[in-house]
1. Test of understanding: in a Gaussian network model of chain B with alpha carbons linked when under 10 Å, which of B:P195, B:P129, B:P329 would top the mean-square fluctuation ranking?
2. When each pair of different Cα atoms in segment B:225-348 is counted once in the 1/r mean, what is the Kirkwood radius in angstroms, to one decimal?
3. Below 8 Å between Cα atoms, with a sequence gap of 6+, how large is the relative contact order for chain A in percent?
4. Heavy-atom accessible area of A:E218 with all protein chains present, probe 1.4 Å, nearest 10 Å²?
5. What's the longest bit of chain A with no exposed trypsin sites (Lys or Arg not before Pro), using DSSP loop states and at most 11 other Cβ atoms within 10 Å as the test?
6. Relative to the Cα centre, what is the charge dipole magnitude of the protein assembly as shown, using +1 at the beta carbon of each Lys and Arg, -1 at the beta carbon of each Asp and Glu, and rounding to the nearest 20 debye?
7. Pop the C-beta distance of A:L163 and B:F98 into the FRET formula with R0 = 25 Å and round what comes out to the nearest 0.05.
8. Leaving out ligands, DNA and RNA but keeping every protein chain, what accessible area does A:T55 have, in Å² rounded to the nearest 10, with a 1.4 Å probe?
Amino acid sequence: MRKFYFLGIFLMVLLASSCTREDESTTVVETEEVIYVSGEKIRVLGRLITNQPITALDHGFQLSTSESFSNPILISLGEKNGPGRFIGETSGLQINQKYFVRAFINADGADFFGEALEVKTLLPAIESFSPSFSFPGEEMMIVGRNFTPDTRVFFGEQEATVLEIAFDSRLKVRIPEPAGKAKVPLIVQSQDEKLEASQPFEYRTGKYTLVGLFPGNERIYDNVFFQHQNGLFAGLGTDKFGSYLGSLQRFDLQSTTWSKVDFPGETRRGAFATAGYIGGGARVDRDNYYYKRDLWKISGEHFERLPDLPVDSYHSPAFELNGQLHVVGGTGSGLRTLLRYNPATKIWSSLSSAPFDLASTQVSFVYQNKAYLLATDNRIWEYEPTADSWKIFTKFPVSSEGGLGIAQVIGDRVYIGFFFRSMQLMELDLQTLIWKSKTPIPGNPESLNAGHFTYNDQLYLLRCPDRTIPGALPMELYRFDPNGI
Amino acid sequence: MLRRLIHILLLIPIACIDPYEVEVPEGKELLSVDGLIHTGQGPHAITISRSTTYGSQFEGLIRPVSGATVVVRDNEGMVTFLEEGQEARGSYFTPTGFRAQVGKSYTLQIQTTEGRVYTSLPERVNAVPEIEAITMKTVTVPVEGETNPRSGIQLISEINDPADQNNFYFWRSGRATYLQETYPELYIIRPAKIPAPKACCNFCYITEPGSNQSLFIAQDDSFNGLSTRIPAAFIKDDGRRFIFKYRMELRQYSISQEAYRFLRLIKQQAEISGSIFDPPPATIRGNIISLDNPDEEVLGYFIAAGETTKEIYIDRAELSFRQNKVTIPDDCLTLPGASLIPPVDWKP
């Protein structure tokens, strides 16, 4: 009987214990992966894995510089119902700083944490910037890495306006006004990290100063111009009504005054002039050309008649090489004819023809005893007088359409530009053949060039409003400092 | 009379049969990303589209996702912007000169025009061993009811697997070039069938993009640190390719373990044949996540890989079985990718 009693108790215990259900619920929080890290921003992927319905009061990530997560930065994502992935993001972190990050979830009054991952924020860097040569007010794009939202950009000492920071890697800034220097270091500051670009930024230079107005509100066209010592001469040609002018005006660079200089020859248009000679040209009566073959030597304000040109010359470029006058092309004797006048023998000789058509609407300059002429296809040809040979030198990089531009050499640089209705001036380094654009000229874009000169490493530009522009608009004389800011 | 009546009565039940239409619930238009950047010459493409419902017939068109901002960012923070193709909407290309670098991790970021932002998980670029040699063998597959089997060539990549790391391989067929003979003298104007022989041209070089209809992947569990030979491509013999010389570029990639797992699952799903041993059809999760809703289902995978390539020239004599030559009665220049001049690097 006792045996049955114990057996009964044992069976009842067994029965009761079999009714006890084991709790198999599992809740796991995983810090899966750091999917983004920059200079000051981090983005982390976490996951809640559970086999039971769960409502977390809060979930997210903790971030700390210490592994023990003391004083952590909390990325709170709020309530979460059920399992699944979650992404947390925070910014404003210190650059180049080691952090520990872990996912957390607060459910049923308990905190669950994922495994801690170690991550280091990145250092900013500059990769490149463009343009590297421009002018104030233009936009510049700096390409780099890990720029923080507080990034500042300096052009030397001048701070630029940051317009946009895209993907922490593209900085769009507005170029500030220069502070007296053309080449300045480009500095990017993110938090306390200062970065300097490997190449400096260069401001586009060139400063124009209005020196004076041509006397008598007069405008001259198809004229000649030349320079003798500190005097700038411009004249002959016609006025805006087409009347022929028989004199020139001389601008004295010392006194900045104009004075009239009479020319002993006949009136004409389309003549040529160099520092030492003036000649050619024609009087044009409707379609009839009355060519002038007389040649004059310039001696200050005096003109000495020389033997006449052997051919007609009209709108011919002219230049002096080795003290000898060269007249090329033009519509008088042939667009490719090259003639040389030797003042010692007073003899004209014919040289190798130019390989392209030439007229005075195209520009020419002399450098190191060689002549350079711009063709209409923008190629610049070099003429070497000793070998009497032509070769292609380089190419003008922008449009020269319409011609009527200028070309003047200062040191090892030539300045070419101001073609028909263009205010653009280009600088060519004759040693490196690198082109740079200069500050555009102020004034009316429809102005033409009535003369261009150099003095004390500066350009002088006599600008004349186009014949079609009505009104009493005077001709303006500008001084251009190529390095001025 | 009675016979006619029976015929008419027989027609009635026939007309009453309705075609069976499969009712498919409206599917979500899921974002789908297919992208591979590698250490080889670019540009590399990322293709983004939206899926559509598939039933007894296409319910909609797979739409390319156009106008998105797509960038690839490395683990040092260097961001590369991808530009959408003008003629391939939804395909975004890396700039010329971009190459992934071994040892770096890359993430893909996509911002759609609706402002939704997606990112991939970081993918690390692993070094890839060179293809030591490419060999080939002819493969024939009997076709029921046909006397001629289907055939082609299988390319086998020979590699020396590095022992110090776990490697996962993926192969793709690159562009192929072959010499094609046609018969312009047999040209006829259809449908009138008027003979109009053309004077030119009989022989052209045909260049075609790689056809990657099958996935070729491998992991080195069974050959770690050993020299091995693995099937890496299959080129179908269409009666045109292997008449003279055929050249193909084989591309070998070293991919991450996660990318390998993804491609293996895709391969399994693609090779379902209806057998009871097939894996059940399932959505395969890739490595693209929506930042706005991490639970959003996004399809596809962004792979960053090391790449090596090798070319193989195949002569017709090397095939143990060839399909009958296809006769094309026209100027060979009318064929897609045809040129009279061989590619500059054609050195059979």
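1. B:P195
2. That comes to 19.3 Å for segment B:225-348.
3. Over chain A, the number comes to 9 percent.
4. 60 Å²
5. A:22-285
6. Value, rounded to 20: 2060 debye.
7. About 0.45, to the nearest 0.05.
8. Roughly 70 Å² of A:T55 is accessible to a 1.4 Å probe.
The values are calculated or read from the model by the stated rules, or taken from the named source; none is laboratory data. Please read these numbers as outputs of a predicted model, since none were measured by experiment. Here Cβ is always computed from backbone atoms with ideal geometry, including for glycine, and neighbour counts include all displayed protein chains. In case anyone asks, the SASA skips ligands and DNA or RNA and just uses the protein heavy atoms, side chains included. Shrake-Rupley method; radii C 1.70, N 1.55, O 1.52, S 1.80 Å.
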